[in-house]
Structures are given as structure tokens and as C-alpha cells.
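Heads up: the structure comes next, in C-alpha cells.
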Amino acid sequence: MCGIIGIIGTEDAASRVVDGLRRLEYRGYDSAGIATLVDGKNIDRRRAEGKLVNLEKILRDAPLTGNIGIGHTRWATHGAPTVTNAHPHMTRRVSVVHNGIIENFRDLRISLKSKGHKLVTETDTEVIVHLITDYLDSGLDAAAAAAAALNDLEGAFALAIIFEGENDLMIGARRGSPLVLGTGEGEMYLGSDAIALSHLTNKITYLEEGDRVELTRTSVKIFNSENEETSRPINIVSAAAGLIDKGNYRHFMLKEIYEQPTVVGQTIGAYIDPLKGKVELGDLPFDLSKIKRVTIIACGTSYYAGMVAKYWMEQIGRINVEIDIASEFRYREAVMERGGLAIFISQSGETADTLAALKYAKSQGQYIMSILNVAQSSMQRMSDVVLHTHAGPEVGVASTKAFTCQLAVLACLAIAQAKTNGQIDAAEEDRLCTALAEVPARMADVLNHDENIKNLAADIAKAKDVIYLGRGLDYPIALEGALKLKEISYIHAEGYAAGEMKHGPIALIDEDVPIIVIAPSGRLFEKTVSNMQEVIARKGQVYFFTDIKGAKTEGEDAIATIALPMLDEFVTPLLYAIPVQLLSYHVAVEKGTDVDQPRNLAKSVTVE
């Protein structure tokens, strides 16, 4: 996850901004930079590729003065990890640091260029500074220009903004990406989380979805998503928050669920060139077009991500894909023709069963690709190529954001493989990339259903058994939903392909069994609804997760219907993962279990 810090204070900001960035290094990054308002008038900046030590060297050679400053650590998303693409971005009048993804940046870029703006980077962030500058040039003051620009942006983002000549103003905004406000003595601060500000203050305000904040050294104005001035409580954060920050969330799991618009956006941005509308995986040590068979191997939640990938790669890439549970794979002594591709999925890169399976596949002459969330792991060292997710540290044992980031990487891989094999053309690649780029913003929309999903938890928490149903791409999400419920609430749950109900599981249905049906509108909607009606006819208690179109035609007989945003069928697994995570979370809270550290489970399984 990228990191943000902003200081509007009474002392030189640069060194303190760098201190804050150092506290955000745990998130991972490949470039860093800061900008300050020099002499209270002009904006200047310093940026560097690589680690903070490179930025610090530049600052020693060319110091920055000024009491207002913003800083950023960046994982490359839109655009390579170059100095040109590093944050902060700026025009003469504005500088911005940004976490997240601007979904409509291509349209904004075209519009701005038509007005004479010169955009020089490959990033989506650059359009923000030019958009604000355009409003400033039209005669709006700084605060009004920022507010107007925010209204034009679509996507998920957190921003910190400073302005030429504005010696007592900093603006922040949160939409689908976390941002906190810190209060000091005659100073104010912005940060990605309390960790970034732990050396500056213990007074933290957690901004809420849609908030915009205008800071001076001594005052705060917060405007909600309806542009109404509001207030948010100040929390006194303990020193422990300097080590790891739960924010104003009750559990790390909930915090990590809410981080998904940001981290999925960053992961998608790392592999898609939005200007070209194509996937770029970098130089692979093998020819993807010559791969005739793919084997996907993983455990637990990662296995379900692999199941989704099997659907994607077979449907759009028309390639033979097998998937296996790592703990079973090597013992069945699978026959693997040399030159195949074996894909291993693991958050930690240290999972013992997966490592053992990797060694077997390597001995069988397979090219090894790993999808990992942790760098410098055992699996990374043993792989021919690694595609990193950008989920950041995941504290909750039950995987949430790591899962959806795995899906994001696998979706990009499926598109690249299909294009390389000639199964899709450039126009279809662009369409699928555009659908992926919409996911973070729609994820933020899904989180608005949190309270509705919470209201379902009390009844489901009373159940002894719960069944999840889905078809096609949503069948693995049904399996993942059942696993999540088992992991953290200790309720027995099973996921089934909806079409398999009549082949046995329907015998379990009665009025005491909640049935979670996952059915976005699409090719398989009517068939899934038909299975749902069979359940309802047998007094099953159906909770219907569909989209706006599906809710208009079905769901009247369900106990509850949750209508999610419309999205291309290809990317529905990323979206529908969130409501099943939230449902499991709220059921576990209702039952009083240990959500973040459920019994008998470990984050990384390093023994067989």
C-alpha cells in the first residue's frame, strides 16, 4: 500500500515528513518523494527511485525548506517506478500525493490536453493536479478549486494537497481509501494511518468515507460526502499504534476489508497500462504463447482464488488448466509434461505444503510462477517469475484483502495469456482492463452495504449449519464464503455449486438452515435463481446477494436481498468477495469469537 503524510506546521516540514515516510516503509514501495511550500510561496519537491535513503541523499544535497509539506511512498501502479512517475505530482500552482486509482483519468487526460495542459507522466495522479489548476485558472480559490475537482473524479482515493501562495492551507480527501487527521500544538497533519503520525501526535481523527478536510495550523473544517460541514471525534491513540494501527475499526479484519478498494486498485494498476488499455506483466523468462497447459496449486483461500483463475483462463484464454490442493498434489505424483506452467498462490510465500508442491513441479520441468504478497520469501527465491500482490500487511488470520488482490493479479494474467494466444483482440483486452479498473470504486460502493449486512448477522449467528450457493465464477466465492464463516464464527458451513443441490445437499434444507445465494445477473442468473426457488419451496431461509438488475426481477421470497452495483460479469468475483467477508465478520462479532485470531489457526502454515 502506498503511504501518505502531510504536515502544516511551525517548523521545517521536510525532515519530519521523511520520518513519517519511514514509519510507512512496512507497506512496501519502490519510489518516494516530498514537496514543500518554500518561503510560504512556491512549491518545490524532491523525488527518488528506490528506498528512502536515496531520497534522503538528494535532500542532503538539495534541501527543502518550508513549514508545509506532503510526502509519499509509492508502489508503481499507473506507470513504471521512475522519478518522473513518483509522487508528489505538481504544477506550478498545486502539488498532490495520492493513494488509490482514478477510474476516469483517461477521459480527464484528453479533456485537459485539449485545454493546453501538458501531462508528462504515465500516472493517473497527474490529472488531479492539472484539474485543480484548471479550476484555479478559472478564478476559483484553492478550497473551491479542490472541491470542484473532487466532484469530477471517479474511483477510490486518498489525497493530500498543497497550493502555491497558500501558507496556511492543506486539503485532504478520502473516498474508498483510508486517511487520518492528526491534531498537534499549532499544527495539523494528514496520514495514511496513525503510524505515519506517531512521531507527531497521539490525537487522531479517522476520516469517514467521502470526507473532505480543509486544514489550517489551528483549525479544521470537515465536509461529508453531501458537502455538509460536520465533525469527527478525536481519538487518543496509544504508543502501541506506532507499531501497528487498527484505526477506528474494532478488529483488524474489518480494517482490512475496508482497505480493499485501495489495495486492489494498486494491484490492478501495477499490471495494467491504462493509457494503452493493456496488461503488462514485464519480461517473462518463457514464451507465454507456447504454454499449452497450466497447473494452479494453492491452499485454503488462495486455492479458491485459483479456482476463479481456472474459469477465467479457460473461458477467455481457451487453455487447459488444472487446479490442485497443495497438500494433495505431490502425493498423487501428477504427470506433468515438460514446459508447462505451474502457478503457486500464497500470501506468505512460506506455506509448507505449497513449497513442497513447488519443488515437485520444478523437478518435473515446469516453469514456476508464484503470486505472493510478501517479498524475499522462500517461494520467491525458487520461482522463475513472481507476480506480487500489493495488499500490504494482513494481520487478521482470515484472509480478506490478500484474497482479492490475488484475484486481481490472476485476472490480469488471464487477460495477458488470452491476448498472447490470440483468443482476444486489442479491443477486448481494453474492455476487460476497463472493467477491472472499475472494480475499486465499485468495491467502495459495496462497503456502503455494511450496515445492511450487519443486520442479517443476528439471525445467521443462531444457525448450526449454513449453505452457500453459486454458479460459474461465483461458485468459488460460495466456497470462500463458507470457509470464512467456519474460520471466524465456528459455524459449520458448506459451499456448493448451485446446480449440485439436487444431487444430495438439498436433503439438508429446512427452516433452520440459512442459504446464502450469490447470483449477479448474467448468463447463469436464471439457472441459479431456479435453484434458489427450489430451496425456498423447501422452507430454506434464503439471503440473496445479487446486483441492481437481479434485485429488480428476483428476490421477493428471500429473507433479505442485497443489491450490489452493476459490473462486468468477468470481474464479479472481486466484488462479491466483500459481502461474504462482511457477513462472516458480523456473525463472528455477534457470537463473540476472536475475529482476528480464531482458534487453532495460524496466518502462515509452515509445517505439513
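The values are calculated or read from the model by the stated rules, or taken from the named source; none is laboratory data. Owing to the predicted nature of the structure, the values given are computational and were not obtained by experimental measurement. Because the Cβ atoms are built from the backbone with ideal geometry, glycine has one as well, and the counts that use them run over all protein chains shown. Remember, those area values only see protein heavy atoms, side chains included, never the ligands or the DNA or RNA. Shrake-Rupley method; radii C 1.70, N 1.55, O 1.52, S 1.80 Å.
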Convex hull projection area averaged over all views, the stretch 459-511, Cα basis, nm²:
3.6 nm²
So in the stretch 152-204, what percent of DSSP beta bridges are antiparallel if you round to the nearest 5?
90 percent
Length gain on complete extension for the stretch residue 448 to residue 168, per 0.36 nm per residue less the alpha carbon to alpha carbon distance?
97.4 nm
For the stretch 1-146, restrict the atom set to alpha-carbon positions and state the Rg and Dmax in Å.
14.8, 41
Calculated SAXS-style log₁₀ I(q)/I(0) at q = 0.06 Å⁻¹ - the chain, Debye, Cα scatterers
-0.31
Stretch gain in nm, segment residue 364-residue 218, where the contour uses 0.36 nm per residue and the Cα spacing is subtracted:
46.0 nm
Give me the percent of Cα-Cα pairs in the stretch 327-416 that sit more than 16 Å apart, rounded to a whole number.
54 percent
What is the spin-label model distance, in nm, from residue 337 to residue 527 if the labels are put 7 Å beyond Cα along the C-beta direction?
2.8 nm
Tell me the carbon and sulfur percent of the accessible area for the chain, rounded to whole percent, probe radius 1.4 Å.
46 percent
Output the antiparallel fraction of DSSP beta bridges having both residues in the chain, as a percent to the nearest 5.
60 percent
Average Cα contact separation per residue, the stretch 454-499, under 8 Å, 6 or more apart, as relative contact order %:
42 percent
Tilt, helix 52-61 to longest principal axis of the chain (alpha-carbon atoms), in degrees rounded to tens, equals 10 degrees
How far is it, in nm, from the label point at residue 82 to the one at residue 511 when both lie 7 Å from their Cα along the line to the Cβ?
6.8 nm
Whole Å is fine, so just give me how far the alpha carbon centre of the stretch 411-428 lies from that of the stretch 256-319.
11 Å
Quick one: accessible area per residue over the chain, 1.4 Å probe, rounded to a whole number of Å²?
38 Å²
Which percentage, to the nearest 5, of the DSSP beta bridges contained in the stretch 269-380 is antiparallel?
10 percent
Scan the stretch 440-516 for GluC sites (Glu not before Pro) in coil per DSSP, keeping those whose Cβ has at most 10 other Cβ atoms within 10 Å, and list them by number.
511
Looking at the stretch 490-542, which trypsin sites (Lys or Arg not before Pro) are DSSP coil and have at most 16 other C-beta atoms within 10 Å of their C-beta?
523, 538, 539
In nm, to one decimal, how far is the residue 423 label point from the residue 53 one, both placed 7 Å along Cα→Cβ?
4.5 nm
Could you work out the relative contact order of the chain, using alpha carbon pairs under 8 angstrom and six or more residues apart, expressed as a whole percent?
11 percent
For the stretch 261-350, which trypsin sites (Lys or Arg not before Pro) are in a loop by DSSP, counting at most 16 other Cβ atoms within 10 Å?
276, 292, 318, 338
Length gain on complete extension for the stretch residue 381 to residue 15, per 0.36 nm per residue less the alpha carbon to alpha carbon distance?
128.2 nm
